[in-house]
Amino acid sequence: MTGCASVPTGGPVVRGSGGEDTGEGNGGYVRMLPAGPQPGVGENGLIKGFLRDMGSFEENHHAARMYLMPGPRETWAPGGDVLVYESMDSISFDTDVSSDGTAATIRMRGPQIARITGNGQYIPEETGEVIDVTFELARDDGGEWRINDLPDSLILGSRDVDRAYRPLNLYYFNRDKSTLVPDPVFLPVSSDNLATRLVQKLVSGPTEWLEPAVGSAFPEGATVDVAFDSGSVTVELRGGPTAVRDRYGMGAQLAWTLKQLPEVQDFALRIDGDNVDLPGGEEENLQATDDQWDSVNPSGVSGDPSAYFIRDGQLWSLSGEGQDDDQNEARVQGAPGVGDTPLQKHAVSLDEDRVAGIEAGLESVVLAEAAEGSEYDSVLSGGDYAALSWDGYGDLWVVEEEGGDRDDEERSDPGSKLWLLRDGSEPFEVTAPELDDIAVSEFRISRDGTRAALIAEHEDGPRLYAGRVISDGDDVSVGRLIPLARDLGEVADVAWRSGDQLAVLGQKERGAAQAFLVSLDGSTETTSAGAPTGADMGALTAAPGRPLLSSADDDQVWLTNDRLMWRYVTEGSNPVYPG
């Protein structure tokens, strides 16, 4: 019998089943093959097996249903939030078996590290959240333990989430429709067509967290049918308002959402039976070019922005237009380059025309044009200012710390106030109640203006958060803070590397400070981007498509293009990209 099978040692590489023809595009995602309940398993073993097999979504959780008694097997409808725990080792089980051995109650308890909402958003939980649920067991006709009553929620370990879900982005528009905004969601890996499910979720609207901050070109109430065939997706839209349809907007949302799936080469859009002419036409290939959708690129930047740094109190620009990646230096014109107004922190507008800064030693935020003869003007004064950042609308955001001087160890009632200066002037206070009781040391608004990344000081150290921005004229709020990079023990600086990824200066446990890349999906593990050899990193900055830059304590600026090897660039400190 052993001679009837062999492992091939040569021949062509071919696509296996479940690839292009299915539209699933699992790539490295391996579907789980559940073992199901084993004969003679004990009550605790049954629950542990049930928890493991919950990670299979095939046939409406067919494998998990095999652990249930016939009644619950038919009626169990898991819904709502998925509860996520770290591992089985973090869970405790309290078991109470009846005196006759025919029934049992098992109470499961353990730290809850996250939840996955009904619309697919992964939300990490603050420390202290607990999963506390109860299972009722009974003997079936064969004498085997089966579950007779159970929670309505799915309960998964973090590794089960990694195996059972695929993180992807949906794309919606910021408030002026100038930029697409990624909305990270988790979709279960199953035999169902992934492109179909992704489009259906896109049309149904953004996650509850992001929805107030973005808009969609798809009309509310529209229904959609999706077909996938040999690399092509056909989207049939019906219903919703018919007077005005933003066809380019719908096409852009579809293009950026579908291009994440390598098996999708092109798509067609039909509205109420009529074909929609889209840029690129029949020659479009989502995996080869996206020039026709580049005007709303989710990066939030155009071209290759320069970096900026401080040398001897003067502001200098740093651009990579030289040969062999040599960096060109130039002193910024006007007041920023003169150096007679020392800045504790600085930020450059996205159009690179203006520089704002927190004046060192003074309670003042100043602003100047990056033009010959310009001077700094005070735009905000009388406070203890900690951070500032520009968005894509030309608005300046400033954090003011309250409760005394931030260098005072006796500081009482720390808190933060957030100011918004439209076009760099006319400051008004942003509604941010979650900042009332925390000191914010770093604040970066996303270039699309819909989200903010911030570092908040806590008793156990600084933590990284992301918050959404809701804007309605002068009624602006920042809130619903979500913790990120929970595996980092310390965080010291943060910058937006792209629309869905942050660059963070931090450290794990007792390791040295280094650069990390942090996904906005909340689950993907932080990725190390290393650190300059023999240098203590003091600041970090990033921008879409640009190298990571860092300054060291010895006034040196370092650069990396590959996130592995850092090289010395120039003398200076506090590098920033526009934003």
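Treating only the Cβ atoms of Lys and Arg (+1) and Asp and Glu (-1) as charged, compute the dipole magnitude of segment 29-106 about its Cα centre; round to the nearest 20 debye. Intermediate values should be presented prior to the final figure.
Values: 5 positive and 11 negative charges, 56 e Å.
Using only the charged Cβ atoms, the result is roughly 260 debye.
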Would you calculate a helix-derived [θ] at 222 nm for the chain, using -39,500 (n - 2.57) for each DSSP H run of n ≥ 4 and dividing by the full residue count, to the nearest 500? -2500 deg cm²/dmol
Apportionment of accessible area to carbon and sulfur, segment 437-515, percent (1.4 Å): 40
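Could you pull out the pairs from LYS48/LYS201; LYS345/LYS417; LYS417/LYS508 whose alpha carbons sit more than 25 Å apart here?
LYS48/LYS201; LYS417/LYS508
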Probe 1.4 Å, all chains present, heavy atoms only: TYR568 accessible area in Å², nearest 10, is 110
Under the Karplus relation 6.51 cos²θ - 1.76 cosθ + 1.60, θ = phi - 60°, what is the ordered set of whole-Hz ³J(HN,Hα) values for segment 295-312, x standing for Gly and Pro? 5, 10, 3, x, 5, x, 10, 10, x, 10, x, 6, 9, 9, 8, 9, 9, 6
Would you please give the residues with an amide H less than 5 Å from that of LEU343, counting only those at least 5 places away or on a separate chain, with H modeled from the backbone geometry? ALA360
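Explain nothing, just the number: dipole magnitude of the chain about its Cα centre with +1 on each Lys and Arg Cβ and -1 on each Asp and Glu Cβ, in debye rounded to the nearest 20.
2060
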Accessible area of GLU329 in the full protein assembly, 1.4 Å probe (Å², nearest 10): 80
For the chain: accessible area per residue (Å², 1.4 Å): 46
Length gain on complete extension for the stretch ASP96 to GLU375, per 0.36 nm per residue less the alpha carbon to alpha carbon distance? 92.8 nm
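With r defined as the distance between the Cβ atoms of ARG73 and LYS177 and R0 fixed at 56 Å, what FRET efficiency is calculated, to the nearest 0.05?
Working from the Cβ atoms, E equals 0.70.
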Karplus-derived HN-Hα couplings along segment 551-558 (A = 6.51, B = -1.76, C = 1.60, θ = phi - 60°), whole Hz, x at Gly and Pro: 10, 10, 5, 9, 6, 10, 9, 10
In terms of modelled amide H atoms, which long-range or inter-chain residues lie less than 5 Å from the amide H of ALA492? LEU505, GLY506
In whole Hz, what ³J(HN,Hα) sequence does segment 267-279 give by Karplus (6.51, -1.76, 1.60; θ = phi - 60°), x for Gly and Pro? 8, 10, 10, 10, 10, 6, x, 9, 5, 9, 6, 10, x
Roughly speaking, to the nearest percent, how much of segment 33-115's 1.4 Å accessible area is carbon and sulfur? 51
Name the residues whose placed amide hydrogens come within less than 5 Å of the amide hydrogen of LEU380, ignoring near sequence neighbours (fewer than 5 apart) on the same chain. VAL365
Segment 196-269 - percent of accessible surface contributed by carbon and sulfur, probe 1.4 Å: 50
What does the accessible area of ASP274 come to, in Å² to the nearest 10, when a probe of 1.4 Å is used? 100
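The values are calculated or read from the model by the stated rules, or taken from the named source; none is laboratory data. Since the model is a prediction, treat every value here as computed from it, not as a measurement. Methodologically, a virtual Cβ is constructed for each residue, glycine included, from the backbone with ideal geometry; neighbour enumeration extends over all protein chains shown. Heads up: the accessible areas ignore ligands, DNA and RNA and are worked out on the full protein's heavy atoms, side chains in. Shrake-Rupley method; radii C 1.70, N 1.55, O 1.52, S 1.80 Å.
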